Amino acid sequence: MLKKVLLVGLVLLMVGNVFGAGRSDSGGGGEFNPARTPVAICMMVMNHPVHRIVQLGFLKAAQELGYTNAKVIGTESPDAAEAFATVEPFIAEGGKGLLLWCGDSSGYSTLRIAKNGGVAVGVPHFKHNPVPEGLTFGMACDPVQYGAQVAEFMAEKLSGRSGSIAITQNTRNLTEDAGSDSFQRTWRTLGSKYNLSNIRILPVQLEGAVVDSATAVNLAIIQANPDLIGAFGLTGNSPITWSDAAEKSGKRAGEILIVGMDATEGNLDALDSGKVAALVAQPLYEEAYKTMQYLDTVLRGGTVPVWTDLDAPLVTKDGSGPNGITYHRGIAAEVRTFFR
């Protein structure tokens with residue numbers, strides 16, 4: 001009997017040693033340690049003010065979660081392919097979690113490469129449907145919703161007027177296409193509510209992401225359409241490019257009703273001065289912060305939703321909270337300090 005007890009005790013001791021091997025309070029061996037887990041955010045045009053807000057959200061969350069090896073990878077070039085090319089070196093360095101700024105199918109091969117390299121990937125801001133191979137999860141505000149919201153806002157302000165409205169995008173991509181399509185669909189339904197019979201919507205134009213050239217594009221639109229009374233820009237710089245173009249054309253501040261994307265510092269200045277009527281505050285900080293939180297959950301063996309919807313408030317000069325200038329000034333100031 002004594003021999004049996006000793007034998008059982010020896011077996012239990014051996015089992016305990018096997019399952020306890022490598023476990024320590026310092027996170028060594030088999031226990032997950034965020035400080036030893038490289039994560040990154042990959043973007044093109046890395047110093048763009050919109051992209052800096054996204055980077056801030058990601059890096060702040062990583063910092064709070066204990067990821068001391070979190071970094072921004074990509075390029076200053078607007079060429080997404082050049083940014084995607086930095087992912088393979090990240091994987092080779094032992095990268096495990098990635099936020100990929102991926103606006104269309106051009107990044108799908110990178111997603112497959114990441115999957116084969118054992119990297120969890122979250123894509124915020126752009127909704128990919130169906131979900132491509134290698135994408136762990138995605139999240140964003142709904143461009144269909146804010147496109148409709150902007151159409152309603154502009155229809156109310158311009159009801160009874162005569163003239164044209166311009167729509168500009170950076171590129172043809174999933175998010176901006178959905179937003180501009182929604183604006184146009186919604187506008188066609190608002191004729192019974194507002195007097196829009198003498199307002200025409202111009203074909204969508206691409207202004208690009210570079211301020212000077214985009215301003216020139218928008219100025220050309222104004223000159224070609226002297227009856228222009230409104231503009232909806234879906235690029236992150238559109239409040240600046242459209243208000244600058246209006247000024248260069250001799251228009252008074254507010255003479256063209258301008259609605260643009262993103263509550264960056266320069267865009268908030270344009271709103272505050274009356275040059276712009278409203279901003280769509282895409283949740284740039286929130287979507288990146290939450291992407292890092294989701295990556296942390298996945299890396300620890302947990303599960304997250306494949307898709308998460310977020311809100312995008314319409315910011316006006318007299319708005320409050322997330323719909324007001326002060327709230328977004330705080331985030332813009334933090335970007336300025338963080339990347340100083």
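When the range 150-172 is limited to residues that are buried (at least 18 other Cβ atoms within 10 Å of the Cβ) and under 25 Å from CYS102 (Cα atoms), the one that is modelled with the lowest pLDDT turns out to be ASN170. Within the range 83-136, the set of residues being of a type in the set (Ser, Thr, Tyr) and either over 18 Å from LEU59 (Cβ atoms) or surrounded by fewer than 16 Cβ atoms within 10 Å (Cβ to Cβ) (or both) comprises SER105, SER106, TYR108, SER109, THR110, THR136. For the range 103-112, check the following and say yes or no: at least one residue is farther than 27 Å from VAL217 by Cα, in the same structural domain as MET44 (by TED's automatic domain parsing) and of a type in the set (Phe, Trp, Tyr). Within the range 103-112, one or more residues are farther than 27 Å from VAL217 by Cα, in the same structural domain as MET44 (by TED's automatic domain parsing) and of a type in the set (Phe, Trp, Tyr). Taking the range 49-82 as the range and being among the hydrophobic types (A, V, I, L, M, F, W, C), farther than 23 Å from THR297 by Cα and either in contact with a Leu (Cβ under 9 Å, 6 or more places away or on another chain) or surrounded by fewer than 17 Cβ atoms within 10 Å (Cβ to Cβ) (or both) as the test, the residues that pass are VAL50, ALA81.
Within the span defined as the range 310-318, one or more residues are modelled with pLDDT of 95 or more, farther than 29 Å from VAL204 by Cα, not assigned by TED's automatic domain parsing to the domain that holds ALA40 and not β-branched (Val, Ile, Thr).
Listed by position, the helices (runs of 4 or more DSSP H) contained in the range 247-340 that have at least 1 residues being farther than 20 Å from LEU99 by Cα, charged (D, E, K, R) and without any contact (Cβ under 8 Å) to a residue 12 or more places away in the chain are 265-272. Restricting to the range 229-239, and then to whatever is buried (at least 24 other Cβ atoms within 10 Å of the Cβ) and among the hydrophobic types (A, V, I, L, M, F, W, C), can you tell me which residue is nearest to HIS51 (Cα to Cα)? Out of the qualifying residues, it is LEU234.
The values are calculated or read from the model by the stated rules, or taken from the named source; none is laboratory data. On a predicted model such as this, the values are computed, not experimentally measured, just so you know. Here Cβ is always computed from backbone atoms with ideal geometry, including for glycine, and neighbour counts include all displayed protein chains.
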